[in-house]
Amino acid sequence: MTYKEKLINSIEADFIFSKNPINRFKINNSNIIKNDLNKNEQINQLKKQINSIQNCNLKEKSKNFIFGDGNINSPIMIVGEAPSLEEEKNGKTFQGEDGSLLKKMLLAINIKKEKIYSTYAINFRPPEDRKPTSQEIKRYSVFLKEHISIIDPKVLILFGSTAMESITSSSSKISNERGKWKEIILKNKTYPFIITFNPSYLIRFPENKKYSWEDLKKIKLKIEDLKIQI
């Protein structure tokens with residue numbers, strides 16, 4: 001076991017979740033503006049497609065459209081389940097108590113949320129924060145996969161069963177699928193992803209935080225293995 005692995009394993013999960021927790025790889029600067037413009041154009045086009053969706057109960061009942069936010073050139077992309085009331089009010093991903101916990105989780109593995117890109121499997125808040133149906137998840141998965149292709153991350157982190165089902169089409173228990181590195185191929189590109197518990201779930205069921213910490217350690221090691229700089 002390397003020194004870094006020993007160091008990561010020496011940190012307790014309770015420390016992270018407490019109230020007071022502590023290239024592809026080289027960037028070609030000459031292409032940044034060109035790539036940014038291209039991404040922004042694609043993002044705007046995708047936004048219009050999602051926002052013009054017809055006969056959608058989720059869109060009709062929602063008060064806001066939450067597309068995504070953060071660094072569009074980040075090598076790390078996180079996908080949550082769906083916006084809740086806090087996100088609907090603020091128009092941004094992972095707000096309120098869920099957002100605070102997510103920031104602690106990411107900081108525990110030296111990631112600042114503002115330096116990565118985040119979105120949802122479903123872009124509109126479900127009525128009364130209910131779980132989206134499999135039919136709804138399937139419908140929006142087309143948009144999510146296009147979203148991933150545009151951002152083109154090196155690592156995908158899926159938070160929650162809705163995000164898992166959107167990418168894998170599996171409705172199995174997340175406890176059986178979490179913590180395993182898998183791959184999805186989109187437009188002839190391979191994206192490694194890992195599934196873990198959603199922050200809102202961990203708030204309701206804190207006994208699972210120890211498993212989430214195991215997943216975070218695996219994410220940390222993957223980032224190091226791929227020599228990702230963020």
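The values are calculated or read from the model by the stated rules, or taken from the named source; none is laboratory data. Predicted model, so just to flag it, every value in this text is computed and none were measured. Because the Cβ atoms are built from the backbone with ideal geometry, glycine has one as well, and the counts that use them run over all protein chains shown.
Quick notes on this one:
- Every residue from region 180-197 that is under 14 Å from the mean Cα position of the chain (by Cα) and of a type in the set (A, V, I, L, M): ILE194, ILE195
- Listed by first and then second residue, the pairs linking a residue in region 145-170 that is modelled with pLDDT under 95 to a residue that is surrounded by 21 or more Cβ atoms within 10 Å (Cβ to Cβ) and among the hydrophobic types (A, V, I, L, M, F, W, C), with Cβ atoms under 8 Å apart and 6 or more places separating them unless they lie on different chains, are SER170/MET164.
- Those helices (runs of 4 or more DSSP H) lying entirely in region 56-124 with at least 1 residues buried (at least 18 other Cβ atoms within 10 Å of the Cβ) and aliphatic (A, V, I, L, M): 57-61, 96-107
- Only one of LYS173, LYS189, LYS210 that is more than 28 Å from LEU107 (Cβ to Cβ), surrounded by fewer than 19 Cβ atoms within 10 Å (Cβ to Cβ) and modelled with pLDDT of 95 or more: LYS189
- All conditions in (1) within 21 Å of LEU102 (Cβ to Cβ); (2) charged (D, E, K, R); (3) surrounded by 14 or more Cβ atoms within 10 Å (Cβ to Cβ) hold for GLU136, with the sole exception of (1).
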